[in-house]
Structure formats: structure tokens, C-alpha cells
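Before any comments, here is the structure.
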Amino acid sequence: MNRNKLIDVAIYIGLIVVFLVPRLAGIGSFVTLDEPSWLSQGANFYYALGQREFENTVYEYQPAVTTMSIISLGMLLYFPEYRGFGQGYLDYEKGRLDPFMIQHGKDPLMLLIYSRVIQVFVLLVLCLTLYFLLQKFLPKPVAVFALVFAMFDPFYLSQHRLMDHEGMVSLFVLISLISFALYLFKEHKFAFLILSGVAGGFAQLSKSSAVAMLAAMGVMLLWRMIQDREQGWVKVFIDGLRSFGIWFAILLVTYFVFWPGMWVAPGKMLYTVYGNAFSYAFQGARLKVTEELDVAQFSLNTRLGDIWEVFKILLYRTTPWTWLGVLLGFALPFTRDSEHAPRNKLFFTLLLTNGIAFVLLIGIAQGRNSPHYILSSYLSFNLLAGLGWFHAAEWLVKRIPSIRQTGQVVLLSVVMLAQTGSALMNYPYYFTYRNPILAAAGWYREFPHFPYCEGLELAAQYLAELPDAKNTTVFAYYSRGCVSYYYPGPTISYRPYYSDGDHTEDLLNNLRASEYLVVYYANQGQLAHHLNFVNAMAKAEPFHVIWLNGYEYVRIYKVDDLQPEIFEALAHLK
């Protein structure tokens, strides 16, 4: 094996190790709010496949086919007989899966761990594919640095450990865009166009919001047309239209082939997904709430303040090293080196467009906007930041010869250590990272921004160490998975996020039937009804408190110690 091949092998091995270690470490150490629901959806998907009832492989406003397929594989490895009990489709909103699994001697947490590990390896393959494409454009050291820098963004890294769609969406989108760029601008090989279309199809099979990638696709096609304008505008327009048409056809074939529901009920699949997506985006709720698509009621959040709120989240959850790197990346289009200038301009435009497109899409859509909805923006901006840092280091070496190559390596090493340290200091969650500049400025000072059930497993583990835990009932906010997977005794959930109506009587009955009450204090800044509950408990003395990153996250109360006035206050809760 020659030296170049040895270097390539070493790079791939290094990328594998660097990618896997922070993602697999403590993979089952906590559970987030949405993951138990996705396990239920994946179990239903697996059951539908087992019964050959492919028309039931649909969720709601997003296909989520990739996510549910991964959970199905986890179910096949851990609980294959699930499809043969004849239990039908368990309601994912009512937590029917967990007791069913426990009844048959299976641990839902193990299913989650299986699914998370499978997803991490899927993401690894996608990451290596992205590197393969990047090094077709960029020198290998540049491609490695930019990719590793992006992979250690704290918030981006955190989402790779969670069972949801966003990590796959972000990588599928970038693979599709860069493959398309290779086809248009560098190696006019049909294989890259096929790869781009397939990746675009899987991005759409993961989540409908991947449609935002069309902005960068359009920019690249326009760029190609301008470059070839001497051939005549009509010809270059037809060529661009042909390339896009082939790409879109491959995307549609992928969408159809890899979603069993499309084989038997394409109309139902498309209406359920895109009907709910349009209702969610334009009417602020899904079809089960709005009941129908009413074009007269369509509206978007066109206020700049709504878009700024989404961008604020991006700023708050990215590091100062990413900020500075993006600013340095703005120098890329002005590269004087004739060899590197075209690729630098292309990557700057592609990554900036894609990052902005996802922010705008989520910013103008109605409904709940979680921080991970713009994960593709995190990847795009961090890749741009990595390129910006490398370009700046090269510029310094050329302008200050005394620095030499060693100085460039030292500078880039310091930047990479700062980026990785920002993530690893927030293990095991990673997504609890706060930009220190904005934190010092008072952003989200009172409560953590968008707590995602982190800390609840610590409360469960604390209670599990108390005497007779197996026979002691815990009444908890978000108990499903977040508490129940780590507590050996019975748990009861208070006010799940999907419920409505007056639940005061159930609240009091469940409280009296429990020994401990767990209040997710961190979430009161997010949900009004939870704030009312916290206020009603204000006069009670907690039995134990969980703190994380300077915030009070969880309060644990002994029910027997609660005074009558607390029950009276809860009885009047709205």
C-alpha cells in the first residue's frame, strides 16, 4: 500500500474514532421528552411491516421513515416477537408501549439504546460520505478540519445522540447539495447526480422541512447558468432544467421505493404528511386540531421578530469559535488565488444559503419551533466556520513568514481544542451548552432555554436509592421515559404535553396515590400551565433539589409532608 493510501486509511480511521467516542459514551444515560413517543411510532411501524399493513407506516406532518426504520431494526434485534402478539397499534400519545414491553420482560430503555446506537452508525456512514465528497473539492487537511469542527459543535453533537430525525436530515441535505455541486462544477459524473437525488429523497423521507435545501439548489443552478451564459441563455436554461429534472425524478423514486406506504396508498401518505405539514406551517396546528386545510386561514409569521427569535437560538447555542469562524468565512469569496477562488466562493455561497434557508423556513412557519428544527443550519454554519479558520491560518502564514507551518498547526489546534472542549464540558447532554458571551449578557438568565428533560433521570436515580423504591410511587411531570426508565417503582405522569381540558381531579387523585412528587422546575418558563403548577407549590418545602449549570432544574417533594393549603391551591389550578 502506497503512502497516499495509508494516509487515506488513517484519516478514515481517525474520523471514525473521533465521531463515535463522544456519541456512544453514556448513550443511555438520559431520555428526552420526544423519544418515548418515537419509540412507540417506530414500534407501530415495525408492527405494520410485520403484518404487511403498509398503509399504516405513516406518522403525521413528517414522514419520519428513516427514524421509524431505525427503531424497527432495533425492535427486530431486541424484541422481534413484538409483531406476533396481535396487540395492534398502540397509541403513542398514551404511553401504551412501555407497560406492554415490561409485561413481556423487555426494557424500553434497552430498545432506545439499541435504536440510538444504530442511528449513530448510520450517521457515521453519512459523515464519512460527506468527507469523501468534501475532499473532492478541498485539500484533505481542510476537509478534515472543517468536518471535525462541525461535528464537535455542542448542540449539533447532542442531536446525534438522540432518537430523532434532525441529525440525518442535516447530513442527507449536505450530501445532496455537495454531490450536486460536484456534478455541476467539477466532475460531471452521473453517479454524483444519482447520489444527490437519493440523499435528497432520504432527507425528505426523514422530515418535510428538508425542502429548504431547494434554495441552495436553485442558487447553484443559477450560478452554473451564469458561468455558461456564452452558450446562450436558452441552452443553459434547458441544461439546468434537465439536471434538476433528473435529480428530482431520482428523489421521487427514492421516496417511493423506500417508503412501503407509498407502494399501496400513496394518496393517503402524501395527504397525511403534506396536509399536516401545511396545516402546521400555515394554521399553527395539525389536522387533528384544525380538522381541515382552510386556505382562507393561511398565514405566516412574516414579522422580522419571529425570524430573529429563531436566529437568537442559533447564536445562543453556538460557540464564539463558530461565530468568529463564520466571520472569517466571509473572506472566502475574496480569495485572490485563482486556483482556490472558485471553490471558496461556491462553498461560501452554498453553506450560507442553506444555513439561512432553514432559519427562514422555521422562522416564518407557525407552530412550535424547537431549537433542533434548524440543525441543518448548525451544520452549514459550522462547516463555513471551519473553512474560515483554515483560510485565515493559511493567510497568516503567507503574510507573516516567521509563523511558518508550525504556527498554523498550533492556531488550528487551539481552535479545535476550544470547540471540542465547549462540547465535552457539557457531557452527557451537550445541548445544555450556553454561549458564554450571551449568557454573561443575560440571555435566558432566569430559566434554561428549552429544557428537554435533562436532569429528570438524576431525580429518578436519586429516588431509586431510597428505601423500598420498588413499592413507592412517583408522580412526575414528563415521567414517561424521562423518569420511568430509571426508576424501579411505579410512576404516574402529570399533564403530558399533548393533553387538554381540566385535569384537576386526576391531578389530586394521582398526587394522593403517590409517595413522591417530581416537578420539572426548569420548564416553567416554557409552558404557562406548568408555571401555574409551580406557583401552587411555592409554599411547599422540597425534599430534594437537582441543579444543573447554575439552574434549578428539578424539585422533589414528599407527598406526606405537603400541607392542606397546597392541596387547596392545586384544587383551584387552571
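Here the simple spin-label model places points 7 Å from the Cα toward Cβ, and for Glu465 and Ala191 these points are separated by 5.6 nm. Only sites in a loop by DSSP and with at most 12 other Cβ atoms within 10 Å count here; which trypsin sites (Lys or Arg not before Pro) in region 310-394 make the cut? The qualifying sites are Arg336, Arg368. With the contact rule set at Cα under 8 Å and sequence spacing of 6 or more, what percent relative contact order holds for the chain? Averaging sequence separation for qualifying contacts and normalising by length gives 15 percent for the chain. Annotation note: GluC sites (Glu not before Pro) in region 420-467 located in DSSP loop regions with a Cβ neighbour count of at most 11 within 10 Å are Glu446, Glu465. A straight Cα-to-Cα reach below 27 Å connects Lys539 with the lysines Lys558, Lys574, residues fewer than 8 places away in its own chain not being considered. Each residue of region 16-28 was assigned a 3J(HN,Hα) from its phi angle through the Karplus expression (A = 6.51, B = -1.76, C = 1.60, θ = phi - 60°), giving 4, 5, 5, 6, 6, 4, x, 8, 8, 4, x, 4, x Hz with x at Gly and Pro. Each helix, a run of at least 4 DSSP H residues, gives -39500 (n - 2.57); summed and divided by the residues of the chain, these come to -18500 deg cm²/dmol at 222 nm. Give the shape of region 298-426 as rounded, prolate or oblate, defined through the alpha-carbon gyration tensor: a ≥ b ≥ c are the square roots of its eigenvalues, a/c under 1.5 means rounded, and otherwise the shape is prolate if a/b is larger than b/c and oblate if not. It comes out oblate by the Cα gyration axes. For region 23-96, the solvent-accessible area of protein heavy atoms averages 33 Å² per residue (probe radius 1.4 Å; ligands and nucleic acids excluded). Determine which lysines satisfy two conditions relative to Lys140: a Cα distance under 17 Å, and not lying fewer than 8 residues away in the same chain. The reachable lysines, counting only those whose Cα sits under 17 Å from Lys140, are Lys5, Lys186. If R₀ is 22 angstrom, what is the calculated FRET efficiency for the pair Ser370 and Glu446, using the beta carbon separation as r and rounding to 0.05? According to the calculation, E is roughly 0.65. The trypsin sites (Lys or Arg not before Pro) of region 1-78 that meet both conditions, a loop assignment by DSSP and at most 16 other Cβ atoms within 10 Å of the site Cβ, are Arg52.
Report, in whole Å, the centroid distance computed from the Cα atoms of region 346-380 and region 200-216. Each part's Cα centre sits 12 Å from the other's. Distance between the C-alpha centres of region 140-199 and region 47-68: 26 Å, rounded to the whole angstrom. Considering only Val18, Gly28, Ser40, and ranking their Cα positions along the charge dipole of region 1-84 that arises from unit charges at the beta-carbon of Lys, Arg, Asp and Glu, the one farthest toward the positive end is Val18.
What is the spin-label model distance, in nm, from Leu24 to Ile238 if the labels are put 7 Å beyond Cα along the C-beta direction? Simple spin-label model gives 5.4 nm for this pair.
Projecting the Cα atoms of Phe192, Phe155, Cys127 onto the charge dipole of region 115-198, computed from C-beta unit charges around the Cα centre, puts Phe192 farthest toward the positive end. Rounded to the nearest 20 debye, the dipole magnitude of the chain is 2340 debye, with +1 charges on Lys and Arg beta carbons, -1 on Asp and Glu beta carbons, and the Cα centre as origin.
Rounded to the nearest whole Hz, the Karplus-based 3J(HN,Hα) values (6.51 cos²θ - 1.76 cosθ + 1.60, θ = phi - 60°) of region 536-541 follow the sequence 5, 8, 4, 8, 8, 8, with x at glycine and proline. Relative to the current alpha-carbon distance between Asp306 and Asn549, full extension at 0.36 nm per residue lengthens the span by 84.7 nm.
As a fraction of the 1.4 Å probe accessible area of the chain, surface on carbon and sulfur atoms comes out at 62 percent. In this label model, His340 and Asp506 are separated by 6.1 nm, measuring between points 7 Å along each Cα→Cβ vector.
Rounded, prolate or oblate for region 2-57? Axes are the square roots of the Cα gyration tensor eigenvalues, ordered a ≥ b ≥ c, and the cut-off for rounded is a/c under 1.5. Oblate shape, in that a/c is at least 1.5 and b/c is the bigger or equal ratio. Taken along its three principal axes, the alpha carbon spread of region 120-235 comes to 50, 34, 23 Å, from the longest extent down to the shortest. Taking all protein chains into account, the per residue accessible area for region 396-489 stands at 47 Å² (1.4 Å probe). Coupling constants for region 98-112 follow from the phi torsions by the Karplus curve (6.51 cos²θ - 1.76 cosθ + 1.60, θ = phi - 60°), and in residue order they are 4, x, 5, 5, 4, 4, 9, x, 10, 9, x, 4, 5, 4, 5 Hz; glycine and proline get x.
Scanning the chain for cysteines with no neighbouring cysteine C-beta under 4.7 angstrom from their C-beta gives Cys127.
Residues whose amide H comes within less than 5 Å of that of Thr473, counting only those at least five positions distant or on another chain, are Glu515, Tyr516 (H built at 1.01 Å from N in the peptide plane).
The values are calculated or read from the model by the stated rules, or taken from the named source; none is laboratory data. Keep in mind it's a predicted model, so treat the numbers as computed, not measured. With ideal geometry, Cβ positions are generated from the backbone for all residues, glycine too; neighbour counts draw on all protein chains shown. Ligands, DNA and RNA are stripped out before the accessible areas are found, and what is left, the full protein with its side chains, is counted by its heavy atoms. Shrake-Rupley method; radii C 1.70, N 1.55, O 1.52, S 1.80 Å.
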